[in-house]
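In what follows, a structure is listed as C-alpha cells, so that the remarks can point back to it.
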Amino acid sequence: MSSVEWVTTSVPYLTARQPGQGDAWSAETAAKGRRGSQRIVQAGETVAPAGIAEVLGLEPGAEVVVRRRIMYLDGRPCELTDTYYPLPIARGTRLAGTAKIPGGAITLLAELGYVGVRAREDVSARLPSQEEAAALESDVTQPVLQVVRLSLDAADRPVQADRMVMPAQLQQLRYDMKIG
C-alpha cells in the first residue's frame, strides 16, 4: 500500500482526553512526526441532513448542532469532518461555537455528562461533490472514502454523528477488534 499516506484508527477519537491534553488529531499526528491541524468552517444550529437525522433517530427536518471542519495533515487538507449533535445536548454549549475546544469535543461531551460507550461506523467509497473536491484540493474524478460514525451512550442514546470525507488514495482505515 505504498500510495497510502495516512493510517488511522478511530478509538482515540471516541475517548475523552485527560486535563491539559490537546485534541486527538493533533496528538496522533505529532506521535507520528507529522503536523495535524484543523479549521472550523461553520458551527451552529441547522436542519439535519436526511441521512444524519436517520442515524441520530430524529424526525426529518429536525434541528441539530453541527461543527464543520477541514482537517489538515502537514498543511494539506486531508479530511472534511461534519459532526452533528442532538439539540438538547449541544444547544448553548461550546459545541455550537467556532472556537477550538480544549481536549476536543469528546472531552467536552464527557464534562457535560454524555459519554459514548459504543460506536458504529459505516464506510463507503464514492466520487466527491464539486465542493468537496475543491475543499480537499482534489479532482472530482478521484474517489473519496466516506465514514459515518454514530456514538451512543450507555443507554444506547445517540450522542453524536460524524460524517468524514477523505481522499481514498491517501487513507487506510484500521479496525483492531477484540472478540469475546
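Below, the figures for the structure above:
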item: Mean Cβ count within 10 Å, highest first, over the residues of peptides 95-102, 51-58; result: 51-58, 95-102
item: Sequence ranges 163-173, 119-129, ranked by mean other-Cβ count within 10 angstrom, highest first; result: 163-173, 119-129
item: Peptides 59-70, 36-47 ordered by average Cβ neighbours within 10 Å, highest first; result: 59-70, 36-47
item: Spin-label pair VAL47/ARG157, simplified geometry with 7 Å Cα→Cβ offset, distance in nm; result: 2.6 nm
item: Net charge over other residues, Cβ less than 13 angstrom from the Cβ of VAL140 (K, R count +1; D, E count -1); result: -3
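Throughout, read-outs are computed from the coordinates displayed, never taken from laboratory work. Since this is a predicted model, take the numbers as computed values, not measurements. With ideal geometry, Cβ positions are generated from the backbone for all residues, glycine too; neighbour counts draw on all protein chains shown.
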